[in-house]
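Only one structure is covered here, and it is reproduced in the block below.
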Amino acid sequence: MNGYELISKIADESREEMVARRRDFHKHAETGWFEMRTSSIIAGILTDLGYEVLVGEDVCDKEARMGVPSDAELEKGYERAVAQGANPDFIEATRGGMTGVIGILRCGEGPTVAMRFDIDALGVFESAEKDHRPTAEGFASINYGSMHACGHDGHGTIGLGVAKALMAVKDQLHGTVKLIFQPAEEGVRGAKSIVEKGHLDGVDYFVGAHLTKKTEDNPADFGPGSYGSLATCKYDVTFHGLAAHAGGAPQLGKNAMLAAATAVLNLYAIPRNGEGVTRINVGRLIAGSGRNVICDEAKMEIEVRGATTKLNEFMSEYAERILKSAAAMHDCTVDIRLMGSSISLDSDRDFCDTITKVCTEKMGLVPLADPSIRKNGGSEDVAYMMQRVQEQGGKASFMRLMTTMAAPGHNRRYDFDESVLPKGVKAFAGIALYLLGE
């Protein structure tokens, strides 16, 4: 039995184990920087497999993390993780939101291959309807308001399956494998802190992937790469004014709500750009304390996007000018906090050709019909990892793992066909074997 056949055998035989693991992660969903139980369990499994394991402050640059919750919230998350069965050998390292895990397999001289698997959930309230499979079969999230509604429970599970398969073919590998289990992808908050820590320095090949919806009659198992994700910046904005009696002395107040309303109208008036697609969205606005009080504080959550990093910078700079000008117009002040960001990504076409060859000829997987390099309409902070590898002369790709889904991503009824789990292991592990074994 050659290495590819062994990988396929292990992936297929591990299906029930992977389904159980995915459902455990799903049931104990943890959002960005709260993935403490998840990280501790991943670290324990990798250690048992024989990997060199990095946890805690060895994974993310603490100061480069974006959108980090308060210390009090993180401590509650830590206590919950302990109560829900976190691995005691690793949970302490995750305290304070130092989540994420890196497993390293060193196999002598040769290239370095990095693979990324994001592990965070979303702030979504999972459906309790009886026809929702996780509810019906007892693995719906028990963490109210947190749900794996984008398949990251599957991503983390696939990563652990890859770790198991590659350890079985270790003697055929020449080089180093880095398996990166990334926190806080949602809101594009986590990848940059791993890049800033230096973990992508010296990497020759990089592969990431995302579960992607297909129709029942589509036989495709994978797409070898994607391009065109929108660069983005996410901001929390707070306008500060001065409260006053709305009837007795309104002239003494400084109306933060009025400043925020002025900003909203003008943010949506940012001109379109002839160089490509741009986006602006004010997703949340909370202001005011009573009908007879001049509002002294208004909070907004906004995002900008652009088809390229340059276009996103255009939108970000324009938006910041509007926010500051709206505050000044109404004699208020404004705090603008960057909560997450990402750049645009592009997969190397020649590397995608290699991935297609390996996955089809060696692993027996079915590729997407042309065009097999898919455009990504959202935003993905894996772009930071890809860019770091590419600017060093390495190759990178962000694959698509195709599966049927019960509902779109970020929906409270989201679920996916778990037959994709062994297929994902075959794709990742087969690529690593090809790059390091031949």
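Once region 342-386 is narrowed to residues that are closer than 29 Å to C233 by Cβ and of a type in the set (K, R), the residue that is surrounded by the fewest Cβ atoms within 10 Å (Cβ to Cβ) is K375.
All of (1) within 30 Å of L401 (Cα to Cα); (2) among the acidic types (D, E); (3) not assigned by TED's automatic domain parsing to the domain that holds G424 hold for D236 with one exception: (1).
Residues that are in contact with a strand residue (DSSP E or B) (Cβ under 8 Å, 6 or more places away or on another chain) and among the hydroxyl-bearing types (S, T, Y) within region 418-438 comprise just one, S419.
The numbered conditions (1) at pLDDT 95 or above; (2) assigned to a strand (DSSP E or B) are all true for P271 except (2). Only one entry in A168, A140 is in contact with a His (Cβ under 9 Å, 6 or more places away or on another chain) and of a type outside the set (S, T, Y), namely A140. Restricting region 295-341 to residues that are surrounded by 15 or more Cβ atoms within 10 Å (Cβ to Cβ), of a type in the set (A, V, I, L, M) and out of contact with any strand residue (DSSP E or B) (no Cβ under 7 Å at 6 or more places or on another chain) leaves a set whose member that is nearest to G248 (Cα to Cα) is A326.
Which one of these is among the small types (G, A, S), crowded, with 17+ Cβ neighbours inside 10 Å, more than 23 Å from R189 (Cβ to Cβ) and touching a Leu at 6+ places or on another chain (Cβ under 7 Å): A263, A243, A256?
Values: A243 fails: touching a Leu at 6+ places or on another chain (Cβ under 7 Å); A256 fails: touching a Leu at 6+ places or on another chain (Cβ under 7 Å).
Within the list A263, A243, A256, the selection yields A263.
Within region 61-96, work out how many residues are within 21 Å of I42 (Cα to Cα), in contact (Cβ under 8 Å) with a residue 60 or more places away in the chain and not basic (K, R). Outline the logic, then answer.
Start the filter on region 61-96 by keeping residues that are within 21 Å of I42 (Cα to Cα), which leaves 61-62, 65, 74-96.
Now narrow it down to the ones that are in contact (Cβ under 8 Å) with a residue 60 or more places away in the chain: 61-62, 65, 80.
If we keep only those that are not basic (K, R) too, we end up with 61.
Matching residues across region 61-96 total 1.
Filtering region 73-90 to residues that are under 25 Å from K192 (Cβ atoms) and aliphatic (A, V, I, L, M) leaves L74, A81.
Within region 95-102, can one find any residue that is outside any loop (DSSP other than H, G, I, E, B) and under 18 Å from T157 (Cα atoms)?
Narrowing region 95-102 to residues outside any loop (DSSP other than H, G, I, E, B): 101-102.
Still in the list and also under 18 Å from T157 (Cα atoms): 101-102.
Scanning region 95-102, I find at least one residue that is outside any loop (DSSP other than H, G, I, E, B) and under 18 Å from T157 (Cα atoms), so the answer is yes.
Does region 201-213 contain at least one residue that is within 21 Å of G409 (Cβ to Cβ), touching a helix residue (DSSP H, G or I) at 6+ places or on another chain (Cβ under 9 Å) and part of a loop (DSSP other than H, G, I, E, B)? Before the answer, list the steps.
Restricting attention to region 201-213, the residues satisfying the condition of being within 21 Å of G409 (Cβ to Cβ) are 207-213.
Among the residues that remain, those that are also touching a helix residue (DSSP H, G or I) at 6+ places or on another chain (Cβ under 9 Å) are: 207-211.
Then drop every residue that is not part of a loop (DSSP other than H, G, I, E, B), which leaves none.
Within region 201-213, none of the residues are within 21 Å of G409 (Cβ to Cβ), touching a helix residue (DSSP H, G or I) at 6+ places or on another chain (Cβ under 9 Å) and part of a loop (DSSP other than H, G, I, E, B).
This table checks each residue for (1) more than 28 Å from E391 (Cα to Cα); (2) of a type in the set (V, I, T).
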{"site": "E275", "(1), (2)": "no, no"}
{"site": "V282", "(1), (2)": "yes, yes"}
{"site": "K299", "(1), (2)": "yes, no"}
{"site": "E320", "(1), (2)": "yes, no"}
{"site": "A328", "(1), (2)": "yes, no"}
{"site": "D331", "(1), (2)": "yes, no"}
{"site": "R337", "(1), (2)": "yes, no"}
{"site": "D346", "(1), (2)": "no, no"}
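Scan region 283-294 residue by residue and report those that are surrounded by fewer than 18 Cβ atoms within 10 Å (Cβ to Cβ) and either among the polar types (S, T, N, Q) or under 14 Å from A263 (Cα atoms) (or both). First the steps, then the outcome.
Going through region 283-294, the residues surrounded by fewer than 18 Cβ atoms within 10 Å (Cβ to Cβ) turn out to be 283-286, 288-293.
Matches in region 283-294: G283, R284, L285, I286, S289, N292.
Is it the case that T112 is free of Cβ contacts under 8 Å to residues at least 60 places away in the same chain, over 16 Å from the mean Cα position of the chain (by Cα) and buried (at least 17 other Cβ atoms within 10 Å of the Cβ)? Spelling it out, it is not the case that T112 is free of Cβ contacts under 8 Å to residues at least 60 places away in the same chain, over 16 Å from the mean Cα position of the chain (by Cα) and buried (at least 17 other Cβ atoms within 10 Å of the Cβ).
The values are calculated or read from the model by the stated rules, or taken from the named source; none is laboratory data. Since this is a predicted model, take the numbers as computed values, not measurements. Every residue, glycine among them, receives a Cβ derived from its backbone with ideal geometry; neighbour counts consider all protein chains shown.
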